[in-house]
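As structure tokens, the structure follows; a few thoughts come after it.
The values are calculated or read from the model by the stated rules, or taken from the named source; none is laboratory data. Given the structure is predicted, the values throughout are model-derived calculations rather than measurements. A quick note on method: Cβ atoms are made from the backbone with ideal geometry, for glycine too, and the neighbour counts reach across all protein chains shown. Please note that ligands, DNA and RNA were not included when accessible areas were found on the heavy atoms of the full protein model with its side chains. Shrake-Rupley method; radii C 1.70, N 1.55, O 1.52, S 1.80 Å.
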Amino acid sequence: MSDKKVLKPSAAHPITVSPNKARVVVTVGGKVVADSANALTLQEANYPPAQYIPRADVDFALLERTEHSTYCPFKGDASYYSVRTGDGVAENAVWTYEAPHDAVAEIKDHVAFYPSKVDAIEER
């Protein structure tokens, strides 16, 4: 049994997950790491929206799983990946919720990228 607090989205802390109609392309070190027409936009409270990209649309050959993890009471346990391109590494630039809480179940099998750790997250 886990003693981690689980919170549900509410009017005070809303979370929505919706399909992004745009194509989302993520580049790191000049390389395309993700390219998807099936991304989901997660909007949580007043945070900037995050693009969750299906794992099938991500070049996992460029990712290295790390030991880093975090916990969000609204979404669950997050695992992280670094992105390696050429000689550069973007440490813990990617996160994923492999077993997200029910309120955000749609983001299972998706990953998201920190905008500050990648070259660009473009919506085309």
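Here are a few things to note about the model shown:
- Heavy-atom accessible surface of the chain: percent carbon and sulfur, 1.4 Å: 51
- Ranked from largest, the principal axis spans of the Cα set of the stretch 30-100 equal 36, 30, 22 Å.
- Amide H within-cut-off set for Asn20, under 5 Å, with H built and near neighbours excluded: Ala39, Leu40, Thr41
- Per residue value of the accessible surface for the stretch 15-123 (all protein chains in place, 1.4 Å probe), Å²: 50
- Each Lys or Arg adds one and each Asp or Glu subtracts one; over the other residues with Cβ under 14 Å from the Cβ of Ala22, this totals -1.
- Probe 1.4 Å - accessible area at Thr16, Å² to nearest ten: 80
- Too-long pairs where the Cα-Cα distance tops 20 Å, listed order kept, from Lys5/Lys75; Lys5/Lys117; Lys8/Lys117; Lys21/Lys75: Lys5/Lys117; Lys8/Lys117; Lys21/Lys75
- Temperature 20 °C, viscosity 1.002 mPa s: under these conditions the Stokes-Einstein estimate for the stretch 71-124, based on its Kirkwood radius over C-alpha pairs, is 175 µm² per second.
- C-alpha center-to-center spacing [the stretch 9-27, the stretch 63-88] in angstrom: 19
- Counting only heavy atoms of the protein chains and using a 1.4 Å probe, His68 has close to 80 Å² of accessible surface.
- When Rg and the Kirkwood Rh are both derived from Cα coordinates, the Rg/Rh ratio for the chain amounts to 0.97.
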